[in-house]
Amino acid sequence: MRIVIGNLPDDVTEEGIREALKAYAPVETIKLVKESGAPTALIEAAMGRPQAETLARRISGRIYKGRPLSAWVPTMDW
């Protein structure tokens, strides 16, 4: 299932995200998008939608390198 994490710091790395999320869920793949504004991460993890939505709620509002994160499960698969 895909989870989107937004409001990441400019110096974020895939390894940094993987390390930060290891306590919550095993992450299969991470794609960083740094095209405009704050970077966004697209996370793929082996779980169903209910588990992904719970994880997104746990991530939202957490502070990562001084920034409050936003996380959500997309309604469409893109």
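At a glance:
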{"quantity": "Residue tally, condition touching a residue at least 60 places away in the same chain (Cβ under 8 Å) and among the polar types (S, T, N, Q), over region 1-21", "calculated": "1"}
{"quantity": "Failed item, numbered, when residue 3 is tested on (1) open to solvent by 70 Å² or more (accessible area, probe 1.4 Å); (2) of a type outside the set (Phe, Trp, Tyr); (3) in a strand (DSSP E or B)", "calculated": "(1)"}
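The values are calculated or read from the model by the stated rules, or taken from the named source; none is laboratory data. Values in this document were obtained by computation on a predicted structure and should not be read as measured data. Every residue, glycine among them, receives a Cβ derived from its backbone with ideal geometry; neighbour counts consider all protein chains shown. Accessible surface areas use protein heavy atoms only, side chains included; no ligands, DNA or RNA. Shrake-Rupley method; radii C 1.70, N 1.55, O 1.52, S 1.80 Å.
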